[in-house]
Ligand code: PNS
């Protein structure tokens, strides 16, 4: 049997512990997780796509089952190119549902063979979003414990460079 590959797409600007939770749990069900750093035109980034990818690589350094790529284009095209078994997305609170439902339906229209699997984020992460973490950080709040240590360090460096 060929390897079962989960494609985990997102902005990851930056990766949070909520993302880590979804990846770790995906590894129980899939042989490989490919984290796809994709462009979301609705969002302005703190980190460049390459910087985001490097942070995910740093978090999973030494784990060959997690790979990271930057991709600019349609998610379904990338999934086909990489022969992904499924797309994985995390769900937090109810407000995620409509956004995810719309994207899933659009992707299904484009690629009916590609399924999207949702995982409920663990309770301790259900309020954690990259956008909120960045906001807390920008205004000097404590964001330790919301992102991996390597990400927290990179965020501090990024904010210090702006001052
Ligand atoms: O982490 P995000 O920002 O919620 O992820 C959204 C993302 C990047 C998965 C979505 O914007 C996406 O798939 N972008 C790639 C372009 C694409 O395929 N758009 C059509 C999807 S309906």
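Side notes on the structure shown:
- Matching entry among 58, 111 (being in contact (Cβ under 8 Å) with a residue 24 or more places away in the chain and under 20 Å from residue 6 (Cβ atoms)): 111
- Selected residue [buried (at least 19 other Cβ atoms within 10 Å of the Cβ) and either free of Cβ contacts under 8 Å to residues at least 24 places away in the same chain or more than 13 Å from the ligand (Cβ to nearest atom) (or both)] from 87, 66, 76: 66
- Residues (assigned to a loop (DSSP other than H, G, I, E, B), surrounded by 15 or more Cβ atoms within 10 Å (Cβ to Cβ) and more than 16 Å from the chain's Cα centre (by Cα)) located in segment 108-163: 111, 114, 143
- Unmet criterion (only one of (1) at pLDDT 95 or above; (2) under 22 Å from residue 136 (Cβ atoms)) for residue 48: (1)
- Selection count where residues are within 14 Å of the ligand (Cβ to nearest atom), assigned to a helix (DSSP H, G or I) and over 8 Å from the mean Cα position of the chain (by Cα), scope segment 1-19: 1
- In segment 23-42, the residue that is surrounded by the most Cβ atoms within 10 Å (Cβ to Cβ) out of those that are within 11 Å of the ligand (Cβ to nearest atom) and either modelled with pLDDT under 95 or in a helix (DSSP H, G or I) (or both) is 38.
- For segment 43-55, the set of residues classified as farther than 21 Å from residue 83 by Cα and either in a helix (DSSP H, G or I) or touching a strand residue (DSSP E or B) at 6+ places or on another chain (Cβ under 8 Å) (or both) consists of 49, 50, 51, 52, 54, 55, listed by residue number.
- Enumeration of residues in segment 85-107 that are in a loop (DSSP other than H, G, I, E, B) and within 16 Å of the chain's Cα centre (by Cα): 92
The values are calculated or read from the model by the stated rules, or taken from the named source; none is laboratory data. This one's a predicted model, so the numbers in the text were calculated from it and none came from an experiment. Cβ: placed from backbone, ideal geometry, glycine included. Neighbour counts: every protein chain shown.
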